[in-house]
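The values are calculated or read from the model by the stated rules, or taken from the named source; none is laboratory data. Since this is a predicted model, take the numbers as computed values, not measurements. Note that each Cβ is placed from the backbone with ideal geometry, even for glycine, and that neighbours are counted across all protein chains shown. Surface areas here come from the heavy atoms of the whole protein model, side chains and all, with no ligands, DNA or RNA. Shrake-Rupley method; radii C 1.70, N 1.55, O 1.52, S 1.80 Å.
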Amino acid sequence: MSEIITLGKALNHGLRRTLEQNAKVIIMGEDVGKLGGVFRITDGLQKDFGDDRVIDTPLAEAGIIGTAVGLAIRGYRPVCEIQFDGFVYPAYNQIVAQVAKMFYRSKGHVRLPIVIRIPFGGGIGAVEHHSESPEAYFAHTPGLKVVTCSNPADAYSMIQQAVNSDDPIVFFEPKRRYWEKGEVDLAADLAGAYPLHASRIARAGTDATLLAYGPMVRTALDAAAAAAEDGRNLEVIDLRSLSPVDYDTIYASVRRTGRAIVVHEAPGNIGLGAELAARISEQCFYYLQAPVLRVTGYDIPYPAARVEEEYLPDLDRVLDAVDRSFGW
Amino acid sequence: MSRVKEFTLPDLGEGLTEGEILAWLVKVGDTIELNQLIVEVETAKAAVEIPAKWAGVVTRIFHEAGTTVEVGAPIVAIDTDPSAGPLPSDLPGPVPSAESLAAVEIAPAEGAVEPGLIGGPAPGGRTAVLVGYGPKTTTAKRRPRPGTPAGATTTAPPPTPPRAPVTPPAPAVTARTSGPVLAKPPVRKLARDLGVDLGTITGTGPLGSVTRDDVHQALATVAEAPAVTTAGAAAVFDASREQRITVKGVRKLTAENMVASAFTAPHVTEFLTIDVTRTMKTLEKLKARREFRDVRLSPLLLVAKAVLLAAKRHPMVNSTWSAATNEIVVKEYVNLGIAAATERGLIVPTIKDAGRLTLRELAEALNSLVQVAKSGKTPPSAMTGGTFSITNVGVFGVDSGTPILPPGESAILAFGAIRPMPWVHKGKIKIRQVTTLALSFDHRVIDGELGSKFLRDLGDFLTDPEGALLSWS
Amino acid sequence: MANGVSDVGADAPAGGFVQLLTPDGERIDSVTTADGVTYSVDFTDDEYRGLYRDLVTVRRLDAEATALQRQGELGIWASLLGQEAAQVGSGRALRPQDMAFPTYREHGVLYTRSIDPIMPFGLFRGVDQGGWDANEHRFNGYTIVIGSQTLHATGYAMGVTMDGKTGTPDGEAVIAYFGDGATSQGEVNEAFVWAGVFHAPMVFFCQNNQYAISEPLERQTRIPLYRRAAGFGFPGVRIDGNDVLASFAVTRAALDHARNGQGPTLIEAYTYRMGAHTSSDDPTRYRIASEVESWKVKDPISRFKAFLAKQQIGDDGFFAEVDESAKVLALDLRERVLAMPDPAPVSMFDHAYPNGSPEVDAQRRQFTDYHASFEGTDHR
């Protein structure tokens, strides 16, 4: 039975289901309990599940992740919230030195089924540190898996799949899309859901492949819609999983279209686009009509709210890149 | 700005990554001029003399003759302002030899630090660190692969691994049957530049991709015969992506002539690559003379002159095979055809009795012929009766070709681009102006010996016009 | 009387510490701190002898490991020389159901948990990074990032409470080990915050061995470390870290305090790192011989031996037998270390993710092909 709900609400529903289905799931983070989270993602959960399952933590990101490690060793499945992308850095040590490595260090004896939820990306007119895109720092770290949803239906299924996975997962949520609505079947059986680490063709096309994830999927789809009016038929792929990346779907697409354009908010230099471009160049070399292009944030600290629209990749920049691709 | 400048080994062409220093032409302390040749370097392709980038005094030579140096590595230091007094003595110290760099011993000198303490020697030839075994000495040797002598030295060529090392599965060479055209990006560019539709070419590369050779092959086929796309070529049938051009006019005539010639006269093509530096110099001299003051001179002029003079020496090349009368008709007059590409197609207008023209008259005739041809106003009479043709493929940037005889002619000369190239000149490698002549001839009339002698004469003339002229007169 | 400790204790630092056995081997029956807590031990002769055996064995194994490192058989060794009493005492205070979170120097605690002493040697030899099951041994993996394990311990302790295992005499308690240097780390202070706020059933056991590599205590704190706890809202107590009896007594009390649901305690074990930070450190560069000498006379084992001899709990025959047994164990350990095989290179691709990864699988395959293309199996 499908409902039209926002992405934020879809996450809320998904988290509720995980709390219902597994007594070992606990949610922890700053303001997640009584307040329901600064984006209301955990709204109502503490009331229904108690404050020993939905925990308001001290203001200490390293502490959130570090104690989650201990809880996971104890057998719990912590779902940690980092309130904003720009505040994950104090926890970075625990995430990359401990969460990512524990399974490997213990030769498979100690699992840490931790989910670290992080609202990310810009476009909300915020002050500093609230619009970052740090996904590359985590995707680059072996031992972590990294995923991101772009729409409510994926948000609902992916958060549950992440919580159920024994891998440690960094779950990026596109905060500017929290209030965008979409159809979600709340009664759907998770077993039949689209695989967590698979990419998805969000729009089939023939002329070029746009690769996007998180908040940029909508941007890419809008660009494709505009391009259709000009007679260009663009394919849009929602990566969904940033580590591992589902390359098979991507290669198949680029081999059909011969052109690839990656779109992400994060600064271009050494971002995910660079990895995608390198791999596509290698695996689709004979099929490429043009080099893989990237439309990304500039290599500057994220700018002030009044100019952020100029910084973020938008429909025009994406279509300009498509035009450039056809110029080769 | 440092007054002592270090000159690094430049990229000597086509992405070569290293070169061997053959000989230094200067020594430390020599005063040199800008562009003075200072060192001879051999690359995988040729030996090259390198001119100095700055004038000054040679203060340091980094690598001795016989050393292989990487592109970008400094090879000589030049004090560009020697009059400014003595140099500060802060130049870098002695350069380690390649061998010592390759096998750097990290362990410190004996007695420097107690064994086992940080910085001191540790077991296994390592150096002690706080947190582990410590770094160990490495050698610049590849691990042996089966079938190679174990312990091969660094100077031995690297053994070929029996299995390809890591990476994406090697693309199988399969014929491409449908779908997108596969080609490496440089090949796509080549095809585009040459106006070739990749989709019409059968690829012989991995995964059925079109290779550079495939493109050139397709071009050559188009030039010599009606192109027949073979089975296995692109099966992309999309009428909306096809353009239909009616065959008529010049194109039709040219095609008919090509067929008639190509399939009647047995064509043989011979090539000669020559150093035409002196021809270029001669042209410069001529330009300076009052006789040629206001007339445009080009290398084609001297090529034409060469043909005319050599034809006198070998009249048989200027003849016709007459099947009807079962005769070879040798002509004394040379109606020189110059192939010209026009909007309407290829035409070969002629200069009648060109052998009787003075050099200046010849120049004028050539200029007006080309101009008229380009304007599309060549009269029909000018397009018949040719006895010998020259086709200048050099203007297209092409080195050479295998030209097809215009009907009724027994020889045609293709004259390619003139490029600066390394050449053995007086026993040394120099950059000279080099071009390739290609002579196609009808083997019923002209045999190999005659063709070769004629071609050699052309070569002799263009290599040394003044000398040849005098010798032949 | 300083907060939390008595002002007695031979050679005690300012503020005193809990001491039940002086450096000369004299027993002190009990000590009552300013908080009114009384510490004492009541051991049988066998139990005393058992403690002595532990102390000697742990030192002997440590010495063997140091030798192995000098011989290039271990890449590194973090010696516990001088800290045997702090580790054996606190380790013996743990109950089977308790969980320990060590740093990377707690080989003495490991030994008291009846864990095979070879367990951490893979890490120091460089054949693995620990690789043991924390839950099976009730002993977490060695954690090299300074202080990180204190947060893990705190989270684990929170989980103990969530499981309902706190608040009874038989409840579970958690002990987190760390050094004086670690107390400066943000994460350790965060662990204090969390443990206090969540009333975690745990003991923070700080072995203050006076140095963090080369930096002395004064570089880490302006006040005695045990007093930091007050700032976070729970008790702190300092012990003579070279006194195995004080170490046992105070740790036991603190663990019981925790398992009974009374929250965390900070124990500062005042001791000395007699050896180097790790094997290639050179302590002569930052401390003077006289300081080391002054601690030699406070040696944990010699005082205990003196005590046993004086009380006729142990005689020369016993001491010799203990030495001999320790040596046998050490030589056996040596044999087993030398026999440790290097891991098969392709095994480095194992255990990156519980659910595996197609990327890792692909690279494992590539590596296997690459590795097989060479002659022999030894890397240069």
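Using the basic label-point model (7 angstrom from Cα toward the beta carbon), what is the A:I4 to C:R285 distance in nanometres?
Placing both labels 7 Å beyond Cα along the Cβ direction yields 7.0 nm.
Count the net charge of all other residues whose Cβ sits under 13 Å from the Cβ of B:V370, scoring Lys and Arg as +1 and Asp and Glu as -1.
+2
Quick one: angle between helix C:316-338 and the longest Cα principal axis of chain C, in degrees between 0 and 90, rounded to 10, please.
Approximately 20 degrees, to the nearest ten.
So what's the net charge close to A:K34: Lys and Arg +1, Asp and Glu -1, counting the other residues with Cβ under 10 Å from its Cβ?
-2
List the lysines whose alpha-carbon lies under 27 Å from that of B:K312, not counting same-chain residues fewer than 8 positions away?
Here the lysines satisfying the reach criterion relative to B:K312 are B:K281, B:K285, B:K287, B:K331, B:K352, B:K453.
Gaussian network model of chain A, Cα springs within a sub-10 Å range: biggest mean-square fluctuation belongs to which of A:S243, A:S150, A:S165?
A:S165
Report the accessible surface area buried between chains C and A, summing both sides, using a 1.4 Å probe on protein heavy atoms only, in Å² rounded to the nearest 100.
The contact between A and C buries close to 3600 Å².
Can you show me the helix-derived [θ] at 222 nm for the protein assembly as shown, built from DSSP H runs with n ≥ 4 at -39,500 (n - 2.57) apiece and divided by the number of residues, rounded to the nearest 500.
Helix-only estimate at 222 nm: -9500 deg cm²/dmol.
Suppose we look only past 20 Å in the calculated P(r) of region A:2-192. What percent of the Cα-Cα pairs does that tail hold?
Percent of Cα pairs beyond 20 Å in region A:2-192: 50.
Extending each Cα 7 Å along its Cβ direction at C:V297 and B:R143, get the distance between those two points in nm, one decimal.
5.9
Given R₀ = 45 Å, what would the calculated FRET efficiency be for B:N367 paired with A:R279, taking r from the Cβ atoms and rounding to 0.05?
0.20
Given R₀ = 45 Å, what would the calculated FRET efficiency be for B:R293 paired with B:E332, taking r from the Cβ atoms and rounding to 0.05?
With R0 = 45 Å, the Cβ-Cβ based efficiency is 0.90.
With every protein chain present, what is the per residue accessible area of chain A (1.4 Å probe, Å²)?
Heavy-atom SASA per residue in chain A reads 36 Å².
Return the long-range amide H neighbours of A:R77 (sequence gap of 5 or more, or a different chain), with a cut-off of under 5 Å between placed amide H atoms.
So A:R77 has HN proximity to A:V25, A:I26.
Send over a whole-number figure in Å² for the accessible area per residue of region C:269-380, probe 1.4 Å.
That works out to 55 Å² per residue.
Note down the relative contact order for chain C as a percent, whole number, built from C-alpha pairs under 8 angstrom at least six residues apart.
So the answer I get is 22 percent.
Determine the residues within region A:70-95 where the difference in accessible area between the chain on its own and the full set of protein chains amounts to at least 10 Å²; count protein heavy atoms only and use a 1.4 Å probe.
Residues passing the criterion (a loss of at least 10 Å², heavy atoms only) are A:G70, A:L71, A:I73, A:R74, A:Y76, A:N93, A:Q94.
Ignoring ligands, DNA and RNA, please state the percent of accessible area on the protein assembly as shown from carbon and sulfur, probe 1.4 Å.
Here it works out to 54 percent.
If you take every DSSP beta bridge fully contained in the protein assembly as shown, what fraction is antiparallel? Give it as a percent rounded to 5.
Rounded to the nearest five, the antiparallel share is 55 percent.
What's the center-to-center distance, using Cα atoms, between region B:399-434 and region B:300-359 in Å?
19
Which of the residues in region C:188-208 show a loss of at least 20 Å² in accessible area from their chain by itself to the complete set of protein chains, at a probe of 1.4 Å?
C:E190, C:W194, C:F198
Cα to Cα, under 30 Å, and not fewer than 8 places away if on the same chain: which lysines meet these conditions relative to A:K9?
Leaving aside lysines fewer than 8 places away in the same chain, those within reach of A:K9 are A:K24, A:K34, A:K47, A:K145, A:K175, A:K181.
Roughly what % antiparallel, to the nearest 5, for the DSSP beta bridges in region C:30-338?
20
In the Gaussian network model of chain C, springs joining C-alpha atoms below 10 Å, which of C:V18, C:V237, C:V41 carries the largest mean-square fluctuation?
So, out of C:V18, C:V237, C:V41, the one fluctuating most is C:V41.
Estimate the FRET efficiency between C:R27 and C:Q97 by the formula 1/(1 + (r/R0)^6), using the beta-carbon distance for r and 25 Å for R0, to the nearest 0.05.
0.25
HN-Hα J couplings of region B:205-211 from phi, Karplus 6.51/-1.76/1.60, θ = phi - 60°, integer Hz, Gly and Pro as x?
x, x, 6, x, 6, 7, 9
Could you give the length gained on full extension between C:R222 and C:A320, defined as 0.36 nm per residue of separation minus the Cα-Cα distance, in nm?
30.8 nm
So if each residue of separation counts as 0.36 nm, and I subtract the Cα-Cα distance between A:V127 and A:A193, what length gain in nm does that give?
20.1 nm is the gain from fully extending A:V127 to A:A193.
Which percent, nearest 5, of DSSP beta bridges in chain A are antiparallel?
20
Calculate how steeply helix C:244-257 sits against the longest principal axis of the alpha-carbon atoms of chain C, using the helix alpha-carbon long axis, and give the answer as 0 to 90 degrees to the nearest 10.
80
By how many degrees, 0 to 90 and rounded to 10, does the Cα axis of helix A:7-21 deviate from the longest principal axis of chain A?
Relative to chain A, helix A:7-21 is tipped by roughly 40 degrees.
Report the accessible surface area buried between chains B and A, summing both sides, using a 1.4 Å probe on protein heavy atoms only, in Å² rounded to the nearest 100.
Interface area, both chains combined: 1000 Å², rounded to the nearest 100.
Take every Cα pair under 8 Å in chain A that's 6+ residues apart, average their separations, divide by the length, and report that relative contact order as a whole percent.
16
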